[in-house]
Amino acid sequence: MLRLLIGKELRELRRTTNATWLLTGLALLVGLALYNGYTYYTTRSAFLRQSQQTTYEQFVSQGDKNPHLGAHFGFYAYKPTADLALLDNGIEDYTGNSFYLEPHKRGEVKFREVSDATALRSFGFLNVGYFAQLLLPLFIFLLTHNLFSKEWENGTIKLVLSARVSTGQLLVGKLLAAGVVVGAVVAVLALGPLGLLAAHLGLDGLVPLLPTYACYVAGLLLYAALLTVLGGAVSLLTRNSALALVVLAGFWLLGVFLVPRLTSEVARRTHPATTAVAFDDHTFHDMQYGVGNEGTKDQRREALADSMLARYGVRRLEDLPVYFIPVTIEAAEKSDGRVMDRAYAAIERNEVRQNRLVQLSALLSPFLAFRELSLHLTATDLDTHRDFAAQAEVHRRRVGRIVDAFYQKNTVAGNAFWRTVPQFAYAAPGLGWRLRHATGPVLLLLGWSVAAGGLLVLAKKISL
C-alpha cells in the first residue's frame, strides 16, 4: 500500500507544470553552486600555496643584512583554503587569510576578499553550503505545502480514507514520496562535490576527507528530513495550501533573514567590539608604561641591564660576552607579547560572547543551526580562524627567538642563516576538534527534529 501511495504522489508531482519548472530552476542553481564552489576551491588553493612559497623564498634570499633588520623584512603566513571549502566557504571572505610575520608586534590577519568584491557579494556566494542553508528549505516548503492540504481542497480526503489506507500509512506514504524528491536533491548536493573533489585531489587526497564529508552529509540529511516533516505537518494542520505556504514562507523569511539580522544587532549592542583606535591606544599604553608593577619601558630596560651585568660579573655593557641590543629586543618581545596576548584574549572573549548569542538564536531558526554545523565541519568558522591566527603568532615568536639568538653573537646574517628559519605551514584541526566545537549546532538540529516530529503527531491527531 505504501508503494502505491508513493507512486501516486510522484505521478501527481510529475504531471504538475509548476513542479517541472521548479525542478528545472533548482537543477540550474545546483549546477551553478557546484561550479562556483569548485572554481573558488581550486583557484584559491593554488594561489595561496604559490603565495606562501613566494614570500618565503623572498625572505630566505634577502642576502647579507643585520639580523634584526632582516627579520623586519618578514614574510607572510597564509591560511590555506579549507579542505571542504568547495562545499562551504563560510566566513573566509570576511576574516582574511594572511598574517605578516615580523618582530615586535603581533600581526593582523589581512586581505579580506570581500573588501575587493562588488556590492553584489553582500548577497552571498552561491555554493553548496549557501544553497543548502537558504534555497533548499524554500524548495522543500514549496514541495510540501500542499502535501496533505490538497486532499481537502480537491475533496479527495474522504475517498482516500475510505480505501484500505490507515491514517498512519497515508502520513508515511506522502512524507516518503516527498522524501524521495528531497533525497534526490540532497544526493546531487552530496555526490556532486564528492566527484569534483575526487577529480581534483585523486583518491589518495580524497580518502582522509571522507569521515568529515560523511558527517556533513549526515547533517544535511537530518536537516532536509526535519524540514520535510515540518512542511508536511503545517500542510496537514492548516488543510489549506495557501495558508500553509504563507506560514512556511514566513517561517523561512523569519529564520533566514530576520533572526540573523536581529541577533547580530543585539550581539553588537550587548557586547560591543573594541574599536581599532581604542585597541591601539590601550596596547601602546601597556607596552610603554607596563601593567601593575611592571614599570615603564625605560625602567624595564635598566633592570635588564643590571641583571645582565650581575649575571656575567662585569661593570659595563660593553664588556658583556653578548650584544646587549639583541637581549633588549628579546626581552621587549616577551613583554610586548604578554600585552598583546591579554588584548587579543579580551577580544576573543567578547567574540565568544557574541557568537554564543548567535548560536542561541538557532533556537528560533533551524537554518542557523545547520549553518553553524556546516561552518564547523568545513573548517571555515571563527574557531578555526582563531586557531590559525594563534599558530601564526606562535610561529612569529619562534622566528623572533631564532633571529635574536643569532643576533646576540653575530651582526650580519646571510642566506645560509635565513634558510634555517622554518617555513610556516598550517593544517586545520581534525574531525574530533570540529565535532567538539559543533556540539551546540548538532544538539539544536536534533532538538528541531524532535519538535518537527512532535508537530506532525499533533497535526495527525487534529486533522486525521
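The values are calculated or read from the model by the stated rules, or taken from the named source; none is laboratory data. Just so you know, these numbers come straight off a predicted model, no measurement behind them. Here the Cβ is made from the backbone with ideal geometry for all residues, glycine too, and neighbour counts use every protein chain on show. Just so you know, the surface numbers come from the protein's heavy atoms only, side chains and all, with ligands and any DNA or RNA stripped out. Shrake-Rupley method; radii C 1.70, N 1.55, O 1.52, S 1.80 Å.
Mind counting the residues in segment 309-325 that are surrounded by 12 or more Cβ atoms within 10 Å (Cβ to Cβ) and of a type outside the set (Ser, Thr, Tyr)?
Total satisfying the criteria: 7.
What about Glu102, is it farther than 22 Å from Asp387 by Cβ and among the acidic types (Asp, Glu)?
Against the criterion (farther than 22 Å from Asp387 by Cβ and among the acidic types (Asp, Glu)), Glu102 does not qualify.
Among the residues of segment 145-156 satisfying the criterion of being open to solvent by 20 Å² or more (accessible area, probe 1.4 Å) and not small (Gly, Ala, Ser), which is nearest to Val185 (Cα to Cα)?
Filtering segment 145-156 for residues that are open to solvent by 20 Å² or more (accessible area, probe 1.4 Å) and not small (Gly, Ala, Ser), the one nearest to Val185 (Cα to Cα) comes out as His145.
Suppose we filter Leu142, Leu134, Leu159 for residues that are assigned to a helix (DSSP H, G or I), at pLDDT below 80 and open to solvent by 10 Å² or more (accessible area, probe 1.4 Å); which single one remains?
Leu159
I need every pair where a residue in segment 410-422 that is part of a loop (DSSP other than H, G, I, E, B) has its Cβ under 8 Å from the Cβ of a residue that is exposed (fewer than 13 other Cβ atoms within 10 Å of the Cβ), sequence separation at least 6 or different chains.
From segment 410-422, the pairs are Val412/Asp64; Gly414/Gly63; Gly414/Asp64.
Given the condition in a helix (DSSP H, G or I) and of a type in the set (Val, Ile, Thr), answer yes or no: does some residue in segment 304-314 qualify?
Looking through segment 304-314, none of the residues is in a helix (DSSP H, G or I) and of a type in the set (Val, Ile, Thr).
Would you call Leu23 farther than 29 Å from Gly430 by Cα and either in contact with a helix residue (DSSP H, G or I) (Cβ under 6 Å, 6 or more places away or on another chain) or in a helix (DSSP H, G or I) (or both)?
Yes.
Residue under question is Val185, and the condition is that it be open to solvent by less than 60 Å² (accessible area, probe 1.4 Å) and assigned to a helix (DSSP H, G or I); does it hold?
yes
Hey, among Ala77, Ala71, which residue is touching a residue at least 40 places away in the same chain (Cβ under 8 Å), within 28 Å of Asn410 (Cα to Cα), open to solvent by less than 40 Å² (accessible area, probe 1.4 Å) and touching a Lys or Arg at 6+ places or on another chain (Cβ under 8 Å)?
The unique qualifying residue is Ala77.
Give Thr263, Thr283, Thr328 a once-over and let me know the one that is open to solvent by less than 50 Å² (accessible area, probe 1.4 Å), closer than 25 Å to Pro366 by Cβ, assigned to a helix (DSSP H, G or I) and among the hydroxyl-bearing types (Ser, Thr, Tyr).
Thr263
Across segment 377-388, which residue is farthest from Arg436 (Cα to Cα) among those that are part of a helix (DSSP H, G or I) and open to solvent by less than 10 Å² (accessible area, probe 1.4 Å)?
It comes out as Phe388.
So, Asp341, is that one more than 30 Å from His376 (Cα to Cα), over 22 Å from the mean Cα position of the chain (by Cα) and open to solvent by 40 Å² or more (accessible area, probe 1.4 Å) or not? Working first, answer last.
Details: more than 30 Å from His376 (Cα to Cα): no; over 22 Å from the mean Cα position of the chain (by Cα): yes; open to solvent by 40 Å² or more (accessible area, probe 1.4 Å): yes.
Judged against the criteria, Asp341 is not a match.
Every residue, every condition in (1) open to solvent by 70 Å² or more (accessible area, probe 1.4 Å); (2) out of contact with any strand residue (DSSP E or B) (no Cβ under 7 Å at 6 or more places or on another chain); (3) closer than 26 Å to Val180 by Cα, yes or no:
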site: Arg3; (1), (2), (3): yes, yes, yes
site: Glu12; (1), (2), (3): no, yes, yes
site: Asn36; (1), (2), (3): no, yes, no
site: Ala46; (1), (2), (3): no, yes, no
site: Phe59; (1), (2), (3): no, no, no
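In segment 25-67, how many residues are over 30 Å from the mean Cα position of the chain (by Cα) and farther than 30 Å from Ala413 by Cβ?
0
For Asp286, all conditions in the list (1) touching an Asp or Glu at 6+ places or on another chain (Cβ under 9 Å); (2) at pLDDT 90 or above hold save one; what is the number of the exception?
(2)
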